[in-house]
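Let me begin by presenting the structure, written as structure tokens, before commenting on it.
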Amino acid sequence: MWLCAWLAGSLALPALAAAEESDAAATGVTGTGEVRIPPYRSSPSPPLAPVTIAPAAAAPVTTSSGGSGPGVTLAPSPTPQYERDEDAPLAGFTNNLPFIRSRDSNFVLFPSGRLNVDGFFFLNRGEPRAGVTPDGSNDDRPRQTIFLRRARAEIMGTVLKHFDYMLAGEFAMAPTGSQSASATDVFVNINYTTWANIQIGQFDAPFTLENRTVDRFIDFMERSITVRSFGIPQNKDAGIMLAGMAPSHFVRYELGVFNGDGLDVRNPDNHFDFMGRAYFAPLALLSRAATTRWLSEIWIGGSIWYGKRVDVSYQTPVLTTQGGVTLLPSTFGGGQQLVPNGDLLKWAVELNVPIGPIGWRFELVHTDRENLGLYRPASAMESMQGLNRVLLGSLNRNGTAFYAQMWYWILGSPAILPTPGQEIPLRWAGYRKGKEAWPIGLYISARYERLILHQDDTMSPTALPDEQKVAVGSMSVDSFGVAINAWFTRHMRFSVNYLLNYLDGDLKLDDGSVRLPMPNNLGQPTLTYYRTAEHELLFRAAIGL
């Protein structure tokens, strides 16, 4: 209660509120947390009778927060003015978006795309293992590299004002050098009411705040280990989701049914996953929240995920650092594999507390159970019977991971960017009169996270041989990171990230204490950075429409 009282008292700070309103007017973003804010203006206004206007002092103007909150009285100067749709251009740039539309705005298209060029540099690569060629194909140390992280073409828009759509394809080159091309976000969203939208297709799954933040706007170059490696490695999934937000933005929910198998994968086992996320923002109920955006962004929430896998064809994702260094492999010992096979139950909690230019965020993910199958390659005789792998036993993975993060805007304000954790489809908002504002911003973020993971064979129907117990045990990861982001409008970004990671535990898959037969007669190697601090320095130049 003392925290709420203190926050309510802080509303008396006129300088902070004035800065918030000024930034909202400059960027076309207010308390809704959406990319577009002003209400639709698609219906022609009735003709006005001739009147004589006498000189008078300018009166205050009443506006609304995206048509979804109570009206507030503002001075005329910061209030954005909009053309009638009938008078506005059919193509151009407004509200930070390029657009093409029909005269009545029943058909709207937003051409978009993004390009990320990254540089990964590892400050302590260490010495190569004995018997390998330094920097050769069998040298498992990380590589310094410059590569295309994303090269994405995107088309978004709305049909008949109530049917949003997005079509995005990724053409970037993976760091290994193999070319990839795939569909990323491809969906249709039905938007008749803010309380309940129906989204169908492939998109960021509703599990954790960070996973429901567009990667273009996350604070670090990649999502945290807590979310990206441990929480929901696939990021996107195909399914159907019901999502809604109260008009005053004090509550939001997202509930969906998904294949549960990740990006561009058809359901291989006839089982569906269930995911849900919701949060409550109590200060959004204050009248001042209509003009002070961060009040509606202080929230507490949670997520849940239940699913089942049956002998799927893919391996469990590899746990990695932000720079791609392996923390827990999924293949070992000359072809043995860890494969999702059985029940999965995870839950998460989130806390988001931005206050003007500073803020704090906390997320915790707990895996109650994640059943894995331990498979070996089929023998020649087994291959003749149509088998390509044989189940040796079962493992259960459980654990907890969390991150705590804070940030400070040195220049500009968070109003440059959309609200995190709210992936709301873009919609036509009217054509803004006057010149577009081109704000700049500079902010710094610091983050600490910790992961504790256990794998055991207590649920296995058969006892695992000692040489397979390499996958049984516990591991921990501690990570500290600092990110500096410079924004030139929300369309250009330059980032520098520093990460320090430390891997520990008794999991033999990491420490190399169990020797397994391998094709080159070497034993199972110790991971390069086991019980050794690993340092990463990462850079990004990004542009997006």
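Observations
- Each of Thr292, Thr489 was scored by other Cβ atoms within 10 Å of its Cβ. Listed from fewest to most, they are Thr489, Thr292.
- Dipole of the stretch 307-379, positive end: most advanced residue of Leu319, Pro357, Gly335 [Cβ charges, Cα centre]: Gly335
- Derived scalar couplings between HN and Hα for the stretch 295-307 equal 5, 7, 9, 8, 8, 10, x, x, 9, 9, 8, 10, x Hz in order, rounded to whole Hz, by the Karplus curve 6.51 cos²θ - 1.76 cosθ + 1.60 (θ = phi - 60°), x for Gly and Pro.
- Across the stretch 112-125, computed HN-Hα scalar couplings (Karplus, 6.51 cos²θ - 1.76 cosθ + 1.60, θ = phi - 60°) run 8, x, 8, 9, 10, 10, 10, x, 10, 9, 10, 7, 9, 5 Hz from first to last residue, x flagging Gly and Pro.
- Charge dipole (Cα centre; +1 on Lys/Arg Cβ, -1 on Asp/Glu Cβ; no other charges) of the stretch 310-385 amounts to roughly 180 debye.
- Radius 10 Å from Cβ of Asp510, net charge of other residues (Lys, Arg +1; Asp, Glu -1): -1
- Straight-distance crosslink candidates among aspartates and glutamates, where the alpha carbon sits under 15 Å from Lys161 and sequence neighbours closer than 8 are dropped: Asp85, Asp104
- Dividing the alpha-carbon radius of gyration of the stretch 143-253 by the rule-of-thumb value 2.2 N^0.38 Å gives 1.21.
- Couplings for the stretch 88-98, taken from phi via the Karplus curve 6.51 cos²θ - 1.76 cosθ + 1.60 with θ = phi - 60°, read 7, x, 8, 8, x, 9, 7, 6, 6, 9, x Hz in order; Gly and Pro are left as x.
- The C-alpha radius of gyration of the stretch 191-331, expressed as a fraction of 2.2 N^0.38 Å, stands at 1.17.
- Using the Cβ-Cβ distance between Met406 and Thr532 with R0 set to 25 Å, the FRET efficiency works out to roughly 0.35.
- A Cα-only calculation for the stretch 318-456 places Rg and Dmax at 23.3, 76 Å.
- For Asp311, the residues 5 or more places off, or on other chains, whose built amide H falls under 5 Å of its own are Gly342.
- Burial ordering of Met384, Met492, Met275, fewest other beta-carbon atoms within 10 Å first: Met384, Met492, Met275
- Amide proton proximity set for Gly430, modelled H, under 5 Å, gap of 5+: Arg41
- Here the translational diffusion coefficient of the stretch 276-382 follows from Stokes-Einstein with Rh set to the Kirkwood radius across Cα pairs; for 37 °C and 0.692 mPa s it amounts to 188 µm²/s.
- Relative contact order of the stretch 333-479, taken over Cα pairs closer than 8 Å and 6 or more residues apart, is 23 percent.
Every number here is computed from the coordinates shown, using simple stated rules; none is lab data. Keep in mind that what you see is a predicted model, and the values were worked out from it rather than measured. Glycine also receives a Cβ, built like all others from the backbone with ideal geometry; neighbour counts cover every protein chain displayed.
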